[in-house]
Amino acid sequence: MDQLEGIGPVKTVFMASGQGSQKPGMGVSLFGVPEVKASLECASDVFGRDIAALVNSEGDEAQAQLNETRNAQVAIAALSIGIGRALMTRGITPDALLGFSLGQISALALADMLTDEEAFRLIEVRSRVMDEAARSHPGAMTALLKGDEESVTALCEQCAQGDVLAPANYNCPGQIVVAGSVEAIERAEEAWKEQGGKLSRLATQGAFHSPLMESACEPFAEYLATVDFKEPSIPVICNTDAKPLDATSVHQHLVDHLTHPVRFQQSVEALGQAGADTFIEVGFGGVLSGLVRRIDKEAKRSCVQDRPSFEELEQSWRESDE
């Protein structure tokens, strides 16, 4: 049975960017778009600082500030939500929404399960408890290239040696990210190299989507219990099981999200089986559209991250309707 059965025909998917794509100056050419401006202002009100100014800065110090979990998450989400709303206002509407990690919160806002203000408040709490967990239980993440689920699982079992080490992101064929204690990650990297494998250490401040985030679960669950989620106006595909979210299950899924892997590849594959053939990344960097290329070579993909890409999509969408 199609695991997305019941959500209606799917053709176009919006994908909201995850943490790690941040860069000073990202999306600045779109800051004058009303929906992007409103999203940045809402985020600034919730976080008590000028998010547009945070992004619109230069230099190593600006990058270091933007890399902090709290700052990175709000800046990326503000851009994704703003761009997504701007496209939808102009008639470019998705049949489904998919976020990567942090991007799942952006997707909840675009699906009207949360108001923008509620989404930013949720991100404020989520980023804080994740940061606290990362400081209490230091860890790291690394992408293993040309590995499959079986070989990566075996590597984790071999190199854990009593420490935490587990798959954290199923990105695309041949790219699985593992997370764990720094010592376990170092053992895994060495063993992977000895097997002839290539890898890339991620610039994260913790072992996200692994059991090292367990201490964040209780305070996050307590906060989520106070949040009133609405049913989605557009289907949102969950990272943890690649199935649609609803207002009843979303609380537990968001808590599980902290310690369970992101199944991005499986989500894109499920959407493809449901008929999706156009994937539009709303955010910055083009990471997700690049992953889609590795997952489904036939799918059309684009990244709307600046004024030229925004106008190009708007024009091509208008022409396709004529």
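Does segment 305-315 include one or more residues that are buried (at least 21 other Cβ atoms within 10 Å of the Cβ) and part of a strand (DSSP E or B)? Scanning segment 305-315, I find no residue that is buried (at least 21 other Cβ atoms within 10 Å of the Cβ) and part of a strand (DSSP E or B), so the answer is no. Identify, please: which residue in segment 158-184 is under 22 Å from the mean Cα position of the chain (by Cα) and hydrophobic (A, V, I, L, M, F, W, C) and is, among those, farthest from residue 262 (Cα to Cα)? My answer is 165. Annotation: of all residues in segment 212-241 being part of a helix (DSSP H, G or I) and small (Gly, Ala, Ser), the one that is nearest to residue 88 (Cα to Cα) is 221.
With respect to being closer than 26 Å to residue 164 by Cβ, surrounded by fewer than 21 Cβ atoms within 10 Å (Cβ to Cβ) and within 16 Å of the chain's Cα centre (by Cα), residue 260 fits the description.
Of the helices (runs of 4 or more DSSP H) entirely within segment 68-175, those holding at least 3 residues that are crowded, with 24+ Cβ neighbours inside 10 Å, in contact (Cβ under 8 Å) with a residue 40 or more places away in the chain and β-branched (Val, Ile, Thr) occupy 69-89. Residues that are in a loop (DSSP other than H, G, I, E, B) and either hydrophobic (A, V, I, L, M, F, W, C) or in contact with a helix residue (DSSP H, G or I) (Cβ under 6 Å, 6 or more places away or on another chain) (or both): does segment 181-190 have at least one? No; the residues of segment 181-190 include none that is in a loop (DSSP other than H, G, I, E, B) and either hydrophobic (A, V, I, L, M, F, W, C) or in contact with a helix residue (DSSP H, G or I) (Cβ under 6 Å, 6 or more places away or on another chain) (or both).
For first residues located in segment 42-67 and under 24 Å from residue 119 (Cα atoms) and part of a loop (DSSP other than H, G, I, E, B), partners that are of a type in the set (S, T, N, Q) and at pLDDT 95 or above and lie 6+ apart or on another chain with Cβ distances below 8 Å form the pairs 50/44.
Residues checked against (1) among the small types (Gly, Ala, Ser); (2) surrounded by 22 or more Cβ atoms within 10 Å (Cβ to Cβ); (3) not assigned by TED's automatic domain parsing to the domain that holds residue 76:
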residue	(1), (2), (3)
241	no, no, no
246	no, no, no
252	no, no, no
256	no, no, no
267	yes, yes, no
279	no, yes, no
284	no, yes, no
289	yes, no, no
294	no, no, no
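To keep it simple, each residue is scored yes or no on (1) under 22 Å from the mean Cα position of the chain (by Cα); (2) surrounded by 19 or more Cβ atoms within 10 Å (Cβ to Cβ); (3) on the phi > 0 side of the Ramachandran plot.
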{"site": "12", "(1), (2), (3)": "yes, no, no"}
{"site": "17", "(1), (2), (3)": "yes, yes, no"}
{"site": "23", "(1), (2), (3)": "yes, no, no"}
{"site": "26", "(1), (2), (3)": "yes, yes, no"}
{"site": "43", "(1), (2), (3)": "yes, yes, no"}
{"site": "57", "(1), (2), (3)": "no, no, no"}
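The values are calculated or read from the model by the stated rules, or taken from the named source; none is laboratory data. Being a predicted model, the structure only gives us computed values, none of them experimental. Methodologically, a virtual Cβ is constructed for each residue, glycine included, from the backbone with ideal geometry; neighbour enumeration extends over all protein chains shown.
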